[in-house]
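The values are calculated or read from the model by the stated rules, or taken from the named source; none is laboratory data. For clarity, every value in this text was computed on a predicted model and none was experimentally measured. Cβ atoms come from the backbone with ideal geometry, glycine included; neighbour counts cover every protein chain shown. Only protein heavy atoms, including side chains, enter the accessible area calculation; ligands, DNA and RNA are left aside. Shrake-Rupley method; radii C 1.70, N 1.55, O 1.52, S 1.80 Å.
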Amino acid sequence: MSRPLLEVADLIHSAGTAFIERNRNWIRWTHIKVLLAIARCRTAALGGHIDECTRCGHRATISYNSCRNRHCPKCQTGARETLDPIPTPRTASLALRPCRVHPAISTGSAGLQNKKIVYSLLLRASAETLLEVARNPTHLGAEIGFFSVLHTWNQKLQLDPHS
């Protein structure tokens, strides 16, 4: 794979420090960590290794280690192109995938004094909605099968029941 003329890391190297200084009022340490990871990704700063063929002993040039940060375009673009993963709930609604699996999210913010009843109602409402919409001839006109997963926390580890 050939290196593009300009990468995000090049922008961070040239303007990252000034950007951080100009935006100190809102930028957080987590943002700075991402910028540093992208700038150091696949450079000598993270170390490297030499790939060697186990049969003939041929050695390739040095391969620098990646940062593996989920925001890094070098690390995640290849994974996205290679694996083509199922979309996250955020991206699922943006484009229908060319497959028969489509995630659907149901949320509930009712008081959770009796979790068993609330979670049961949430899952039942989610199931009945999916079945009713799928049966409607203007939508799908079919009987569908599905499974539900109850998530009780959001990305910030705050209570957020959704299925």
(message) If amide hydrogens are placed 1.01 Å from N in the peptide plane, which non-local residues have theirs closer than 5 Å to the one on GLY48?
(response) ASN65
(message) Explain nothing, just compute: Karplus ³J(HN,Hα) = 6.51 cos²θ - 1.76 cosθ + 1.60, θ = phi - 60°, for every residue of the range 136-142 in order, whole Hz, x for Gly and Pro.
(response) 5, x, 6, 9, 10, x, 8
(request) Enter the accessible area of ASP10 (Å², nearest 10), with the probe set to 1.4 Å and all protein chains included. (result) 40 Å²
(request) Read phi for every residue in the range 24-31 and hand back ³J(HN,Hα) as whole Hz from Karplus 6.51 cos²θ - 1.76 cosθ + 1.60, θ = phi - 60°, with x for Gly and Pro. (result) 4, 5, 10, 6, 10, 4, 5, 5
(message) Taking θ = phi - 60°, what integer Hz values does the Karplus form 6.51 cos²θ - 1.76 cosθ + 1.60 yield along the range 47-61, in sequence order, with x for Gly and Pro?
(response) x, x, 8, 10, 7, 9, 5, 6, 8, 9, x, 4, 10, 8, 5
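Rounding to the nearest 20 debye, state how big the charge dipole of the range 1-72 is about its Cα centre with +1 on each Lys and Arg Cβ and -1 on each Asp and Glu Cβ.
With only Lys, Arg, Asp and Glu charged at Cβ, the dipole is about 240 debye.
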(message) Just to make sure I understand: if all protein chains stay in place, what is the order of ARG22, ARG55 by accessible area at 1.4 Å, largest first?
(response) ARG55, ARG22
(message) Using 0.36 nm times the number of residues separating HIS13 and ARG68, minus their current alpha carbon distance, what extension gain do you get?
(response) 17.9 nm
